[in-house]
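Here is the structure we will look at, set down as C-alpha cells.
Nothing in this text is a laboratory measurement; each read-out follows from the coordinates by a stated rule. Model, not experiment: these values are computed from the prediction. When we count neighbours, we look across all protein chains shown, and the Cβ atoms used for this are built from the backbone with ideal geometry, even at glycine.
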Amino acid sequence: MTTPSGDGARTAVDDRPVVLADDTTRAWSPRTARARFREGLAVPTAGVAAGHAQANLVSVPADWAYDMLLFCQRNPRACPLLDVTDAGSTSTVLASDADLRTDLPRYRVWEDGELVDEPTDVRAYWRDDLVSFLIGCSFTFEWALAAAGVPLRHVEQGRNVPMYRTTWQCRPAGRLSGPMVVSMRPVPAEHLDAAIRESGLMPAVHGAPVHCGDPSALGVDNLDRPDFGDRVELAPDDIPVFWACGVTPQAAVMASRPPFALTHAPGRMFVGDARDEQFRVL
C-alpha cells in the first residue's frame, strides 16, 4: 500500500523489497514487461527489458498542454521529449500496442498539486482531454554505462535510483515553474570519464551529468534522504554524479498546482519498443 503525502514522497510501498532486475526480467521483451505491469506488477524498471528505451510520463488537461510543451522545450536537459500524444489518446509511437493507462508499473494522480493516489492502473482517472508527454529516461543509457565498466549501485543493491529536488530553478513556461530534479548514481573516480562520455552521447535521454561531486552545489544537503526513490550506499571511492531527471515535471506540478495531472511513479517507467542504441549519437 502506498500512502501519499503532500511533498510527493512515499511513506510506505509494499513492492519496495522486490528486486526486479534479475536475469529473467532483463531478458523480457518490452511487450512482456508491459503485459506484466498491466497485470499489476508494480516495481522499479531499472534493468528491465535490457537494451530497450524507457520513458517518463506526464499527462495534463489540454488547456495546460501548451504550458507543459513549452516547459519541456525550455528545459530540454530535464525534459527531453520523445513523444506528445493527441488529446485523449492512450497510445504512443514508442510502442504500437501499448496503453498508457495500464502499461506502467505504477502511476501518480495529482489534484491541485497534491498527490492523491498511486494506482497501478489509471483507467478510472482517465479523461478525454488529457495530453500525454513521454520524456526520455536515464535508465536508457545505463546499458552503455555498464558496457563501459561503470557500476550501477542501485541495480546492485536492488533499489530504486535516488532522486533529489535541487535549488536550481527551471526556466518557467506559462503557468508552470519549479526546481530541477536530478537522479544520482555513485561512480568510482576511475570510471567518471566513461560515465560522462557514454551518457553524453545520448542527449535524448538526459545526456551528460549536470554536476559531479559536492551535492551542496545543487542545494542537496543529505544524500541519505532522497526526495524520490531509495537511498543508495556509496563505496569509499565513489563520487556522487547527478543527471537531470524526468521527474522534474512532477516537481513543477507540485509547485504550480494544475487542477489535475497523471504521471508515472518515480523509477517506474514506460518501457518502449525502441532499442537504446537508437538514441545514441554516432
What number, rounded to the nearest 500 deg cm²/dmol, is the helix-based mean residue ellipticity at 222 nm of the chain, given -39500 (n - 2.57) per DSSP H run of at least four residues and division by all its residues? -5000 deg cm²/dmol
Would you mind calculating the relative contact order of the chain from Cα pairs under 8 angstrom and at least 6 residues apart, reporting the percent as a whole number? 28
Taking the alpha-carbon centre of each part, the distance from the range 158-173 to the range 94-114 in Å is 20
May I ask you to derive the FRET efficiency for Glu111 and Arg31 from their Cβ-Cβ distance with R0 = 30 Å, giving the value to the nearest 0.05? 0.40
Label-point separation (nm) for Thr167 and Asp63, each offset 7 Å from Cα along Cα-to-Cβ? 3.7
Tell me which label goes with the value of Cα extents along the principal axes in Å computed from the coordinates here: (i) 50, 40, 39; (ii) 58, 45, 40; (iii) 73, 72, 33. (i)
Lys, Arg +1 and Asp, Glu -1 on Cβ, resulting dipole of the chain about Cα centre, debye, nearest 20: 280
Starting from the Cα gyration tensor of the range 139-258, take the square roots of the eigenvalues, sort them a ≥ b ≥ c, and report rounded, prolate or oblate (rounded when a/c is under 1.5, otherwise prolate if a/b is larger than b/c, else oblate). prolate
Farthest toward positive dipole pole in the range 134-212 [+1 Lys/Arg, -1 Asp/Glu at C-beta], among Ala194, Ala204, Gly149: Ala204
In the chain, which cysteines lack any other cysteine Cβ under 4.7 Å from their own? Cys137, Cys170, Cys212, Cys245
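Stokes-Einstein diffusion coefficient for the range 74-203 at 20 °C in a medium of 1.002 mPa s, Rh from the Kirkwood formula over Cα pairs: what value in µm²/s? All intermediate terms of the calculation are to be shown ahead of the outcome.
Values: Rh = 17.3 Å.
The Stokes-Einstein estimate is 124 µm²/s.
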Sorted largest first, the C-alpha extents of the range 230-282 along its principal axes in whole angstrom are 45, 32, 19
Which one, Gly246, Val116, Val84, is farthest towards the positive end of the dipole of the chain when Lys and Arg carry +1 and Asp and Glu -1 on their Cβ? Val84
Mean-position separation - Cα centroids, the range 28-82 and the range 198-268, in angstrom: 15
